[in-house]
Amino acid sequence: KAAFTVQAFCYNIDSTTQLKECEGQKDPESFSLIFLTEDDVVSMAESTMTVDDIEGELAKIERIRDVLVRRESELRYMMDDIQLCREITRLKKELHKLVSIPDNDKSNEDRQKEEELLLQIHKLVETRDFLVDDVEFERLR
């Protein structure tokens, strides 16, 4: 039997491999593996990596993750903005058709539809204003 120390968790392939804490080691994250051959162990990390190397890589990944989360948020805001603008444009076209009808020729239904469209457009513009404020707040944060 041979023994060695690694600085990462290892998975054994052979059920005879045992994982136990190293006695007398200063690093509590170190483990001794007792196994029949080195071929029986598959390590999740290179044995040459130090704890500092691993921590540095984890910190780098965390920074990248933060950047990606911010970018995802920006893209979601952009999609919401595009959808709101499309809907506003669609409603304005519909309103323009109704407004182009002379007042004498408009039915009560046309007038009511005009009012509804104005309210919908107003609501969407307010929603977009809140969205723009949120984007600005996120950008400053």
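Data for the structure
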{"quantity": "Computed label-point distance, nm, for sites V125 and S73 using a 7 Å Cα→Cβ extension", "calculated": "2.9"}
{"quantity": "Where trypsin sites (Lys or Arg not before Pro) fall in DSSP loop in region 92-133, at most 16 other Cβ within 10 Å", "calculated": "K106"}
{"quantity": "Accessible area of region 63-141 divided out per residue, in Å², using a probe of 1.4 angstrom", "calculated": "85"}
{"quantity": "D66 versus K113: modelled label distance in nm, points set 7 Å from Cα along the beta carbon direction", "calculated": "5.4"}
{"quantity": "Dipole of region 56-141 [Lys/Arg +1, Asp/Glu -1 at C-beta], most positive-end residue of A59, L119, M78", "calculated": "A59"}
{"quantity": "Paramagnetic reach from D134 in region 80-110 [backbone N under 13 Å; point 7 Å along Cα→Cβ]", "calculated": "80-84"}
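The values are calculated or read from the model by the stated rules, or taken from the named source; none is laboratory data. The structure displayed is predicted, hence computed values, not measured ones. No Cβ is skipped: glycine too gets one built from the backbone with ideal geometry, and neighbour counts run over all protein chains shown. Heads up: the accessible areas ignore ligands, DNA and RNA and are worked out on the full protein's heavy atoms, side chains in. Shrake-Rupley method; radii C 1.70, N 1.55, O 1.52, S 1.80 Å.
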